[in-house]
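> Okay, here's the structure, questions in a sec.
The values are calculated or read from the model by the stated rules, or taken from the named source; none is laboratory data. In this text, all values refer to a predicted model and were calculated from it rather than measured experimentally. Please note: Cβ atoms are built from the backbone with ideal geometry, for glycine as well, and neighbour counts cover all protein chains shown.
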Amino acid sequence: MTQEDGRLDGLVRQRIRALRVAQGWSLEELAKRANLSQSSLSRIENGQRRLALDQLVTIARALDTGLDQLVENAADDVVISPMIDGAHGVMRWPLKGYPGLSVMRRRLIEAPPDNPARMRAHPGREWLVVLSGTAVLLLGDRRFRIETNQAAEFPTMMPHAIGTGGRPCEILGIFDREARRGHQKESDDS
């Protein structure tokens with residue numbers, strides 16, 4: 001076993017224990033859910049038993065996680081630099097491990113459009129957090145004021161627009177793949 005394999009082996013064992021503890025489960029509880037003996041699970045967590053793929057699959061299921069997340073190697077590139085789109089005043093970070101999700105930081109300086117025809121709708125889902133100031137979210141015929149440290153989540157098939165509540169504000173948006181494509185198309189159209 002290489003040093004890298006040994007690190008991954010230890011990391012998987014730590015994850016199993018940490019996820020079990022986070023659920024508030026004893027060794028006995030997880031062992032029951034994974035159809036293992038309590039002593040086998042204890043030896044797996046403590047490194048006294050070889051990790052077997054079939055056992056990892058049942059343990060991952062019992063912990064309500066995916067095998068890929070359980071055995072994911074610790075990444076050396078923890079810090080992610082943003083991609084900057086100066087023309088649209090946007091910084092974007094792709095989220096590693098969550099294909100299709102991306103985070104965008106944007107400073108808004110205009111109120112949302114008064115004209116409902118300027119509201120957009122596209123497939124996807126969007127989340128936003130107001131970092132500073134007050135944002136106004138128009139969602140269909142409803143209007144929401146979102147203050148600093150508040151968040152909103154909505155389906156983007158609902159006609160929507162986001163702007164300021166009078167003064168500039170800064171938001172952090174999280175977009176699934178479809179919502180990101182919808183916003184990129186909007187940017188290309190403007």
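> Of everything in segment 105-127 that's in contact (Cβ under 8 Å) with a residue 40 or more places away in the chain and of a type in the set (Asp, Glu), which residue is surrounded by the fewest Cβ atoms within 10 Å (Cβ to Cβ)?
110
> Restricting to segment 83-104, name every residue that is hydroxyl-bearing (Ser, Thr, Tyr) and either modelled with pLDDT of 80 or more or surrounded by 13 or more Cβ atoms within 10 Å (Cβ to Cβ) (or both).
102
> List the residue pairs whose Cβ atoms are under 8 Å apart, where the first residue sits in segment 170-190 and is in the same structural domain as residue 156 (by TED's automatic domain parsing) and modelled with pLDDT of 70 or more, the second is surrounded by 12 or more Cβ atoms within 10 Å (Cβ to Cβ) and in a helix (DSSP H, G or I), and the two are 6 or more positions apart or on different chains.
As it stands, the answer is 175/183, since those pairs meet every condition given.
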